[in-house]
Each structure stands twice: as structure tokens, then as C-alpha cells.
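So the structure is just underneath, and the comments pick up after that.
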Amino acid sequence: MRLSTIRYIVCIAETGSFTQASARLFVSQPALSQSIQRFEQEIGMALFVREKGRLRLTEAGRIVVEEGRKMLDIERHAYSRLNTLKNAKPTFIRIGSASTYQRFFLTETLMHLQSLHPDIHIRIQEGFSHHLNQMVADGELEFALVFEPFRPQLKAVPIIREEVLLAVPPDSPLRERLPSEPEKGSEFPLADLSLCRDEPFILYPDDRRIQQILLAETARAGFSPQGVITGYSTETANAMAFQGVGLAFVPAVTRVMCPPALRPAYYRIRSGGYYRVLALVSRGDDELRDIGDSLIELLKKSVLPQEGLEPIAYE
């Protein structure tokens, strides 16, 4: 049973004539007749009979036409979808993230996202939360991984809770005054920040959220930090702390990505840990919902529970 033969049979039934069907199909009438005869021989039943000079479908013919139309509809639908795919222009998806979180979350995640949505082209924008939040709000990005606070007009789906830690040089005399036993439920000891008032700190620009945390927590401990250097990258601050330049506030992901042999000593800055929430923000556009849902699911799967990083269930 060939679709071409089914197409012939349906057309003959619709026109009521081999001659008219031949003209509509651009097939010679002998070739059309031979194709119908072969099919009738194959099924062992006639499809058409002539009565009083008119062509009429037999019961077998009616079944073939009824089912054949369904088959031809499926064929048309399949070709329509294939043509749409062939002619579709790639959808550009712009995703923002700080460089550290690009390496930690996005490398494998985006590879899987591309396989799930092969018609998209992904562009990565590097930046920090306060800038990326605004870029999503302004329509310059479709998605971004950012820390709270989130813009109220944006849809924010929490991905992880991340602890902010105090990084102390391994050979710093301060360590003799800080506890060595981890706080209950953690692998990190709890630092008394008031003991750090005379220690040099590695600072960040004022527009960095982690700098705001540093200033708020040291003020809470009763002092203003003495800055010896101002950087922008938490990975650089972490490395400087290891080299003995000063103390630094760093996120848990920076510790996870640092080789154990190059890690400074880490302490909690609050009892029970100081946590912040990383979320995927978007404008919630309906046309990007499938891509957004895939991205969220992949991000959730990429985060394994480890010290200082806690995946948040997606509701």
C-alpha cells in the first residue's frame, strides 16, 4: 500500500472520474488505471464499479478512501512540521551570570539545554547580580542567575541557598584566637568577627552585593573593615586570602571550585551560617516558558548538596 496509490484512489473518488483525476494528478490515465488494478489485485477486492455510466465506490473502496484520507492528513501534517523546522530561524536566548557561576552551573547545563531545544542559539552575558537584574528587566537578557534582592517585576525561581564564608590566611596569627572546632551541623568553625577588627580585609566595589554583606556584618560586630586592596572577583579575593594578603568574604561556590591545596581557612560569619539565595530570573514571557522550565530543571539537577550549598526544591 503506497501513499501515491492512496492519493490516486481518493482523487478518483472525489472527482468521480479517472479522466479528471488523471488531469488533476498530472498522471497519465493508463498509469493511473494500472496502479488501481495492482492495488485491487493485492487486496482481492474491487474499489470501483460502473453503474449506468457512472463510477461508484464499492464498500472496500469506501473503507480505503476513509482511511486513506487520514493517512494523507498525517503525511501533510508531518511535512508541514518538517518544513517549519527547516525554515525556522534560531531563537536567540541571552543568559546572564557571574563568571564563577557560569563555570559551576552553566557549562554542562547549557549543553543539555541545547540538546533539548536544538532550534535555540545561546548567548552568555557575564556580569553581577545588580547589573544582570536590570538587564533582564530592560529586555536585554531573557534569563539571569542572580542573588537577592530581585526586581519585583521579574519572575524569580530559587535554585540554591549559598553560605557566605570568612576566608582567613592559613598561617594568620588570628587563627589562634578563633575556634578550631566546627560549629554543630557544619564543617566550618564559627568566627567571632569582633576579633577581626584590626585585621586587613580584601574589599569589593560598593556596588557588589558581597561588599554590602561584608560591611553589614562587620558593622554588626562593631567595626569598619580596614581595606588593603579592592578587587572584583571572589576567586581572586580567595586566592589573596590564601597568600596572606588579608581576610575576605567569599561565597561557598568559590571554596568548592578552589583546589583543596590552595584553600585558605574558612569560618562561618554567623551562628547557623549566613545564607543568600541564587535564583533564575526572567520576565516570565509565555513564549519562552518551555525553555525556562527546561533550564530550571537542568540547573536543579546540576547542584549536588555539599557544604555551603543547598538546592531549593522547585514548586
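The values are calculated or read from the model by the stated rules, or taken from the named source; none is laboratory data. Owing to the predicted nature of the structure, the values given are computational and were not obtained by experimental measurement. All Cβ positions, even for glycine, are placed from backbone atoms using ideal geometry, and neighbour counts span all protein chains on display.
Under the condition of being touching a Lys or Arg at 6+ places or on another chain (Cβ under 9 Å) and surrounded by fewer than 17 Cβ atoms within 10 Å (Cβ to Cβ), which residue from the stretch 36-52 is modelled with the lowest pLDDT?
That would be 50.
Any residue in the stretch 99-117 that is within 15 Å of residue 280 (Cα to Cα) and without any contact (Cβ under 8 Å) to a residue 40 or more places away in the chain sitting within a Cβ distance under 7 Å of a residue that is of a type in the set (S, T, N, Q) and buried (at least 18 other Cβ atoms within 10 Å of the Cβ)? List the pairs, counting only those 6 or more apart or interchain.
Sorted first by the residue in the stretch 99-117, then by its partner, the pairs are 106/97.
Select from the stretch 224-251 the residues that are within 18 Å of residue 101 (Cα to Cα) and in a loop (DSSP other than H, G, I, E, B) and write down the one among them that is modelled with the highest pLDDT.
Residues of the stretch 224-251 within 18 Å of residue 101 (Cα to Cα): 231-239, 249-251.
Remaining after also requiring in a loop (DSSP other than H, G, I, E, B): 231-233.
Details: 231: 83, 232: 80, 233: 89.
In this case the residue turns out to be 233.
In this structure, does residue 151 turn out to be of a type outside the set (Gly, Ala, Ser), touching a residue at least 60 places away in the same chain (Cβ under 8 Å) and either within 16 Å of residue 253 (Cβ to Cβ) or touching a Cys at 6+ places or on another chain (Cβ under 8 Å) (or both)?
On the way: of a type outside the set (Gly, Ala, Ser): yes; touching a residue at least 60 places away in the same chain (Cβ under 8 Å): yes; either within 16 Å of residue 253 (Cβ to Cβ) or touching a Cys at 6+ places or on another chain (Cβ under 8 Å) (or both): no.
Spelling it out, it is not the case that residue 151 is of a type outside the set (Gly, Ala, Ser), touching a residue at least 60 places away in the same chain (Cβ under 8 Å) and either within 16 Å of residue 253 (Cβ to Cβ) or touching a Cys at 6+ places or on another chain (Cβ under 8 Å) (or both).
From the list 65, 27, pick out the single residue that is free of Cβ contacts under 8 Å to residues at least 24 places away in the same chain and surrounded by 15 or more Cβ atoms within 10 Å (Cβ to Cβ). Write out each step before concluding.
Details: 65 fails: free of Cβ contacts under 8 Å to residues at least 24 places away in the same chain.
The match here is 27.
So that you can scan it fast, the table gives a plain yes or no per residue for (1) acidic (Asp, Glu); (2) touching a Pro at 6+ places or on another chain (Cβ under 6 Å); (3) free of Cβ contacts under 8 Å to residues at least 40 places away in the same chain; (4) part of a helix (DSSP H, G or I):
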position	(1), (2), (3), (4)
201	no, yes, no, no
211	no, no, yes, yes
215	no, no, yes, yes
253	no, no, no, yes
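Taking the stretch 114-145 as the search range and keeping residues that are touching a helix residue (DSSP H, G or I) at 6+ places or on another chain (Cβ under 6 Å) and among the aliphatic types (A, V, I, L, M), which one is nearest to residue 209 (Cα to Cα)?
145
Can you spot a residue in the stretch 267-281 that is within 16 Å of residue 162 (Cα to Cα), hydrophobic (A, V, I, L, M, F, W, C) and in a helix (DSSP H, G or I)? Spell out the reasoning first.
Let us first name the residues in the stretch 267-281 that are within 16 Å of residue 162 (Cα to Cα), namely 267-280.
Still in the list and also hydrophobic (A, V, I, L, M, F, W, C): 269, 277-280.
Keeping just the survivors that are in a helix (DSSP H, G or I) gives none.
No; the residues of the stretch 267-281 include none that is within 16 Å of residue 162 (Cα to Cα), hydrophobic (A, V, I, L, M, F, W, C) and in a helix (DSSP H, G or I).
Could you please tell me which pairs satisfy a Cβ distance under 6 Å, a separation of 6+ or placement on different chains, a first residue in the stretch 260-272 that is in contact (Cβ under 8 Å) with a residue 40 or more places away in the chain, and a second residue that is surrounded by 17 or more Cβ atoms within 10 Å (Cβ to Cβ) and part of a loop (DSSP other than H, G, I, E, B)?
264/169; 266/188; 267/188; 267/189; 267/191; 268/183; 268/188
Would you be able to tell me the number of residues in the stretch 253-265 that are buried (at least 23 other Cβ atoms within 10 Å of the Cβ) and under 32 Å from the mean Cα position of the chain (by Cα)? Even if it seems obvious, please write down each step before you answer.
Keep residues of the stretch 253-265 that are buried (at least 23 other Cβ atoms within 10 Å of the Cβ), which gives 253-254, 264.
Narrowing the set further to residues that are under 32 Å from the mean Cα position of the chain (by Cα) leaves 253-254.
Qualifying residue count, the stretch 253-265: 2.
Just a yes or no: is a residue in the stretch 297-306 under 30 Å from residue 196 (Cβ atoms), assigned to a loop (DSSP other than H, G, I, E, B) and modelled with pLDDT under 90?
Narrowing the stretch 297-306 to residues under 30 Å from residue 196 (Cβ atoms): 305-306.
Now narrow it down to the ones that are assigned to a loop (DSSP other than H, G, I, E, B): 305.
Checking the rest, the ones that are also modelled with pLDDT under 90 come to 305.
So far as the stretch 297-306 goes, yes, one or more of its residues are under 30 Å from residue 196 (Cβ atoms), assigned to a loop (DSSP other than H, G, I, E, B) and modelled with pLDDT under 90.
If you go through the stretch 49-57 one residue at a time, do you hit one that is in contact (Cβ under 8 Å) with a residue 12 or more places away in the chain and either under 12 Å from the mean Cα position of the chain (by Cα) or within 30 Å of residue 280 (Cα to Cα) (or both)? Walk me through how you get there before you give the answer.
Start the filter on the stretch 49-57 by keeping residues that are in contact (Cβ under 8 Å) with a residue 12 or more places away in the chain, which leaves 54-55, 57.
Checking which are either under 12 Å from the mean Cα position of the chain (by Cα) or within 30 Å of residue 280 (Cα to Cα) (or both) leaves us with none.
No, the conditions are met nowhere in the stretch 49-57.
What pairs come up if the first residue lies in the stretch 277-305 and is more than 21 Å from residue 137 (Cβ to Cβ), the second is among the aromatic types (Phe, Trp, Tyr), and their beta carbons are under 6 Å apart, counting only those six or more places apart or on different chains?
300/314; 302/105
Is it true that residue 268 is in the same structural domain as residue 248 (by TED's automatic domain parsing), touching a strand residue (DSSP E or B) at 6+ places or on another chain (Cβ under 8 Å) and charged (D, E, K, R)? Show your work before the answer.
Values: in the same structural domain as residue 248 (by TED's automatic domain parsing): yes; touching a strand residue (DSSP E or B) at 6+ places or on another chain (Cβ under 8 Å): yes; charged (D, E, K, R): yes.
Yes.
Name the residue that is farthest from residue 141 (Cα to Cα), counting only residues in the stretch 75-99 that are at pLDDT 85 or above and in contact with a strand residue (DSSP E or B) (Cβ under 8 Å, 6 or more places away or on another chain).
99
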